[in-house]
Amino acid sequence: MAIRVVVADDQAAVREALRMVLDGEPDIEVVGEAASGAEAVHVTLVRRPDVVVMDLRMPHGDGIAAITRLSGARPEISAPEISAPEVPAPEVPAPRILAPKILALTTFDVDEYLFGALAAGAGGFLLKDSDPALLLEAVRGLHEGRGLIDPKVTGRLIARFAQLSPRPAPSRVDQLTAREREVLAHVVRGLSNAEIAGALTIEEGTVKTHVARILTKLGLRTRVHAVIYAYEHGLAQ
């Protein structure tokens with residue numbers, strides 16, 4: 001079954017370019033478009049996509065506000081000392097549905113948007129000048145629960161969280177087994193499932209199971225959020 005995608009950007013030319021790249025793949029289908037934050041929420045609720053590619057600067061409730069509405073951002077993965085731009089929330093109410101994975105897309109390489117999008121609940125972040133192959137990798141990865149951050153900003157993200165004073169870990173961390181903590185440590189290092197399997201001498205399928213359990217126990221949605229969570233709570237030391 002194809003990965004269902006909604007594309008949200010206030011520029012028609014950008015939406016068309018994204019649609020051409022995504023619809024050109026046999027395993028991806030663009031099922032809707034939106035030109036504003038409010039419309040992105042509405043179209044997502046109607047079309048129920050697996051992934052939303054969301055521009056961060058749009059009228060009528062920008063992308064970060066829409067991401068917050070759709071994902072139900074968790075305080076555990078907030079970005080301390082970094083706040084999202086002050087924007088009104090979309091008027092469209094967001095009833096409880098299975099939240100899609102969200103890929104934030106922006107022209108602006110600034111921390112305000114990077115941290116704001118991730119704090120709002122985005123599972124990935126790309127600059128608009130990224131290679132189309134990276135866009136496809138991000139969409140497929142998000143669908144499988146693997147977040148992707150544009151390589152151009154990854155260093156800043158890790159450096160920022162590495163400098164934070166760890167907050168006390170919530171009690172849910174105690175639910176992690178010793179093996180799950182090992183797997184999480186390797187995820188923080190950026191290893192793939194195959195690489196983790198090799199490092200721990202276990203099957204790749206077993207690693208996938210551990211990662212899924214880690215995300216469930218910590219109440220997170222993607223590996224990107226797991227890395228941020230680990231840095232915030234001193235689990236990446």
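With θ taken as phi - 60° and the Karplus curve 6.51 cos²θ - 1.76 cosθ + 1.60 applied, the whole-hertz 3J(HN,Hα) list for region 50-65 is 7, 9, 10, 9, 10, 5, 8, 10, 9, x, 6, x, 6, x, 5, 5 Hz, x standing for glycine and proline.
Of Y231, Y113, how do they rank once you tally other Cβ atoms within 10 Å and put the fewest first? Mind dumping the intermediate values first?
Values: Y231 20, Y113 25.
Starting with the residue having the fewest Cβ neighbours, the order is Y231, Y113.
Spin-label pair A17-E182: with each label point 7 Å from Cα along the Cα-Cβ axis, the two points sit 4.6 nm from one another. Remark: L105, L127 ranked as L127, L105, counting other beta-carbon atoms within 10 Å and listing the fewest first. Using C-alpha pairs below 8 Å separated by at least 6 residues, the relative contact order for region 166-232 is 42 percent.
Remark: F115, F108, F125 ranked as F108, F115, F125, counting other beta-carbon atoms within 10 Å and listing the fewest first. Remark: region 118-127, residue by residue, has Karplus-estimated 3J(HN,Hα) of 5, 5, 6, x, 5, x, x, 8, 10, 7 Hz, where x stands for each Gly or Pro and the curve is 6.51 cos²θ - 1.76 cosθ + 1.60 at θ = phi - 60°.
Label separation (D131 vs R172): 3.6 nm, computed from points 7 Å beyond Cα along the C-beta direction.
Using the Cβ-Cβ distance between T107 and K208 with R0 = 35 Å, the FRET efficiency computed as 1/(1 + (r/R0)^6) comes to roughly 0.50. Candidate cross-link partners of K208 among the lysines, defined by an alpha-carbon separation under 28 Å and a same-chain spacing of 8 or more, comprise K101, K152, K217.
Laboratory data are not the source of any read-out in this text; all were calculated from the coordinates shown. Given the structure is predicted, the values throughout are model-derived calculations rather than measurements. Neighbour counts run over all protein chains shown; Cβ positions are idealised from the backbone, glycine included.
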